[in-house]
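The values are calculated or read from the model by the stated rules, or taken from the named source; none is laboratory data. The shown structure was predicted, so the numbers you read here are calculated from the model rather than taken from an experiment. As a convention, Cβ positions derive from the backbone with ideal geometry for all residues, glycine included, and neighbour counts pool all protein chains shown. Side chains included, ligands, DNA and RNA excluded: accessible areas come from the protein's heavy atoms. Shrake-Rupley method; radii C 1.70, N 1.55, O 1.52, S 1.80 Å.
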Amino acid sequence: MQIMFPYHINALGLTATTSGNSEYVRELIEQVIFTTPGERVKLPDFGCDVMGLIFTAESSEVITAHQALIRGVLQQQLGDLMQVEKVLITIVDSNVKISVEYILLFNQKRGVASFERKELG
């Protein structure tokens, strides 16, 4: 069963599920990127510290470091489902856009997941 993120109940009163593998993987990527390490009690190493991006200087070095961090964490957490090809972060004012290019391992299809947050805090 591929549970939809964020978790909610569907019209039938059941746990909502995703309609396809690409949607499911996209939701998993979103969970990993926007979960702060330590936020999940039984998975203290799960997630990235993307929340801190908004409070750092907008330098190419900081963005490159966060891209490497996200790529590494995604590969660690979701490496059995996909291979991360590229992570791109764009920051404009307080808007953060993160794009992840990946290859699904079970069918070798390429995918892109993009997320935008107006305020991370």
Check your understanding: Do you know which residues across the range 80-116 are under 12 Å from the mean Cα position of the chain (by Cα) and among the charged types (D, E, K, R)?
Key -> K97, E101, E116
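Taking the range 73-99 on its own, how many of its residues are open to solvent by less than 40 Å² (accessible area, probe 1.4 Å) and modelled with pLDDT of 90 or more? Give the derivation first.
First, the residues of the range 73-99 that are open to solvent by less than 40 Å² (accessible area, probe 1.4 Å): 73-74, 78-79, 82, 84, 87, 89, 91, 96, 98-99.
Subset that is modelled with pLDDT of 90 or more: 73-74, 78-79, 82, 84, 87, 89, 98-99.
The total comes to 10.
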Exercise for review: Run E116 past the list (1) surrounded by 13 or more Cβ atoms within 10 Å (Cβ to Cβ); (2) assigned to a strand (DSSP E or B) and report the number of the one that doesn't hold.
Suggested key: (1)
Review point. Do you know which residues across the range 72-95 are over 21 Å from Y24 (Cβ atoms), in contact with an Asp or Glu (Cβ under 7 Å, 6 or more places away or on another chain) and assigned to a strand (DSSP E or B)?
Key: I91, N95
Review point. Can you pull out the residues in the range 67-99 that are under 15 Å from V112 (Cα atoms) and among the hydrophobic types (A, V, I, L, M, F, W, C)?
Key: I70, L74, L78, L81, M82, V84, V87, L88, I89, I98
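Kindly provide the set of residues from the range 104-113 that are more than 14 Å from L28 (Cβ to Cβ) and open to solvent by less than 20 Å² (accessible area, probe 1.4 Å), ordered by number. Full working, then the answer.
Of the residues in the range 104-113, the ones more than 14 Å from L28 (Cβ to Cβ) are 107-110, 112.
None - no residue of the range 104-113 is more than 14 Å from L28 (Cβ to Cβ) and open to solvent by less than 20 Å² (accessible area, probe 1.4 Å), so the list stays empty.
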Review point. So which of T36, T56, T17, T64 is open to solvent by less than 70 Å² (accessible area, probe 1.4 Å) and at pLDDT 85 or above?
Key: T36
